[in-house]
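A short reminder: the numbers here are calculations on the coordinates, not readings from a lab. This one's a predicted model, so the numbers in the text were calculated from it and none came from an experiment. Cβ: placed from backbone, ideal geometry, glycine included. Neighbour counts: every protein chain shown.
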Amino acid sequence: MLSAPVVRVFLFMLLCGLGYTVQAESGFAGLVAGKHHVGVRIVQQYDYARGYKGSTDLVTGKPTTGERARPIQTLVWYPAQKGGTPIRYADYVRSEATDENFTLAEAEADAFLASKRQWFDAKVGPKQAQALLNQRMWAVRNAPAAAGKFPVVIYAAGGGGTAYENADLCEYLASQGYLVLASRNLGTRTRTLNIDEQGLESTARDIEFLLAYAQTLPQADMAHIAVVGWSWGGLANALVASQDSRVKALVSFDGTQQREFAQAVSRTQLNVPWLYVQRRPESVRELSANGMETSSILLNEAKYADLYHVVMNPMEHPDFMSLGLRAAQQQLSKDYSRAEVEKAYYWTCQYTLHFLNANLKGDATGRQFLDRTPTQNGVPAHMARQYHLPAQLGPAPTQAGFAAALATEGFGHALEIYRRMQQQDASFTLSEGTINTWGYQLMRNAHDLPAALAIFRLGTELYPTSFNLFDSLAEADEHNQDTASAIAHYRRSLELNPQNTNATQRLRVLGATATGSASK
């Protein structure tokens with residue numbers, strides 16, 4: 001009779017001989033795969049709505065040849081059917097060769113991988129580099145997709161980062177039932193990221209491009225979307241979350257540090273659940289020594305986001321991407337061991353998963369995880385701190401929030417609600433043109449005449465010298481068959497602008513003269 005250990009070895013060899021693959025039980029930093037097998041695809045596509053290369057190459061100065069639209073090589077991780085051979089980490093590294101140039105020859109891609117091998121050698125030594133590149137991952141290239149719909153996660157890389165910089169997290173989320181997309185963080189016109197407002201806008205538009213592409217994927221549940229990102233990507237995805245209401249959850253790893261660029265993110269429109277995981281905080285002395293300005297920090301000013309703020313003490317800025325950890329020297333921190341840093345990465349992934357489960361899947365276990373302290377969740381006491389800052393109650397002082405409050409409290413309270421929102425945020429305002437357009441939309445499209453009258457009246461209160469708003473209010477009065485009010489408001493409009501031919505004409509139709517007592 002064979003002993004139990006021998007039987008186990010025999011079965012393992014048999015399974016390998018049959019080409020049978022099973023979902024890895026544990027991966028980098030001790031991550032344990034979920035119930036889904038993982039597939040990965042590399043999709044080479046262009047954003048034809050945006051140019052990338054000019055007529056002159058910015059590096060060589062020679063005339064540009066080939067496609068000039070913006071290249072977006074996309075990695076897609078997805079729940080897959082069982083079977084196939086998982087890729088090696090080297091396959092992710094090799095994919096970087098074509099993330100800007102889709103026409104690169106195989107030999108050139110091989111040469112690129114060889115140069116990256118030298119880079120890894122210099123970082124961790126030849127033996128460890130070989131083991132790293134040969135490591136089997138969870139994902140199977142082009143595996144058949146599993147049946148069903150899955151929440152969508154767009155991962156935004158750090159400044160100039162690669163699509164696979166957090167492949168371990170992306171595979172982990174796919175194994176847990178998420179469809180994950182990522183692309184390289186290219187600059188506006190070159191491979192090198194430009195750290196400026198234009199660069200931030202370029203990264204944000206890349207995220208939106210990936211969202212548009214996700215719409216075409218049969219597995220995508222577009223009603224449940226999250227954006228996740230590290231560093232520069234963690235700022236760009238906050239910008240997207242503040243502009244695109246389809247985004248239902250936001251995760252930032254040590255992002256929004258660039259205070260001057262974070263001003264682009266609307267504090268009042270960033271109103272989704274937000275998980276912010278940061279490195280060890282610097283002391284006031286360190287901040288001062290580094291010339292860090294601590295005022296106007298987005299993290300402190302986004303009062304309408306339900307914020308879960310987690311501090312991972314062992315981690316430095318690069319530690320939030322698994323590529324950075326894999327390529328790091330054995331000793332990552334002077335205060336913490338490598339094992340502790342990797343454990344902090346593990347817990348970062350756990351917080352990300354439970355946060356997404358709670359907010360995209362409505363999972364009660366995920367919500368319970370977030371509501372407990374780190375130590376209650378099993379995180380070593382010295383490793384992490386968590387703060388929960390619930391979103392400020394009530395509609396945010398935005399046009400959308402204002403409209404929601406009007407729908408709830410009644411359009412007749414428009415001025416009262418408007419003043420209240422200005423007390424919340426002194427910068428809240430609706431322009432004369434916005435109010436005028438809104439009133440006509442209510443009258444002509446929504447067919448809600450009382451609401452339109454209320455909005456036009458609000459406009460004349462806020463802009464008492466606007467002849468156009470009085471003219472619009474008079475038109476609404478006519479629709480309401482209130483001839484006396486219409487005449488009064490047309491006359492007021494003419495007082496403000498005697499050249500208003502529409503008011504003159506309408507008064508003639510109503511059988512009134514341009515002169516007479518006028519009132520609001």
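Placing dummy labels 7 Å off each Cα toward the beta-carbon, the span from residue 481 to residue 106 is 8.1 nm.
Sites listed here are trypsin sites (Lys or Arg not before Pro) in region 29-74 whose DSSP assignment is loop and whose Cβ has at most 11 other Cβ atoms within 10 Å: 35. Taking each DSSP H run with n ≥ 4 as -39500 (n - 2.57) and averaging over every residue of the chain yields -12500 deg cm²/dmol at 222 nm. Given the chain, what percent of its DSSP beta bridges are antiparallel, to the nearest 5? Antiparallel bridges: around 45 percent, rounded to the nearest 5. Entry note, region 27-389: relative contact order of 15 percent, from Cα contacts under 8 Å with a spacing of 6+ residues.
Expressed as a whole percent, the proportion of Cα-Cα pairs in the chain lying more than 32 Å apart is 54%.
Computed over region 150-250, the Cα gyration tensor eigenvalues convert (square root of 5λ each) into semi-axes of 21, 15, 11 Å, ordered from largest to smallest.
You can think of it this way: the chain between residue 388 and residue 309 has 27.8 nm of extra reach, that is 0.36 nm per residue less the Cα-Cα gap. Mean sequence separation of contacting Cα pairs (under 8 Å, at least six apart), scaled by the length of region 69-146, corresponds to a relative contact order of 51 percent.
Straight-line cross-link partners of residue 127 among the aspartates and glutamates, defined as a Cα under 19 Å from its Cα and at least 8 positions apart when in the same chain: 91. Calculated FRET efficiency, residue 57 to residue 499, Cβ-Cβ distance, R0 = 41 Å: about 0.15 to the nearest 0.05.
With 22 Å as the limit, the listed pairs 82/149; 35/361; 248/361; 35/149 all fall inside it between alpha carbons.
Extension gain, residue 128-residue 415: 0.36 nm per intervening residue step, less the Cα-Cα distance, totals 96.6 nm. Note on 56, 216, 190: ascending count of other Cβ atoms within 10 Å places them as 216, 56, 190, the fewest first. When you filter the chymotrypsin sites (Phe, Trp or Tyr not before Pro) in region 58-120 for DSSP loop state and at most 15 other Cβ atoms inside 10 Å of their Cβ, you are left with 102.
Only lysines eight or more places from residue 123 in sequence, or on another chain, were considered; those with a Cα closer than 27 Å are 334, 343.
Here, P(r) means the percent of Cα pairs in each 10 Å bin from 0 to the largest distance; for region 400-459 it is 24, 60, 16, 1. Take every Cα pair under 8 Å whose residues are at least 6 apart in sequence, average their separation, divide by the length of region 101-198, and the relative contact order is 21 percent. A Förster radius of 30 Å combined with the Cβ-Cβ distance from residue 364 to residue 81 puts the calculated FRET efficiency at roughly 0.55. All distinct Cα pairs of region 430-509 go into the 1/r average, and the inverse of that average, the Kirkwood radius, is 12.2 Å.
Our Cα-only numbers for region 308-443 put the radius of gyration and Dmax at 22.8, 68 Å.
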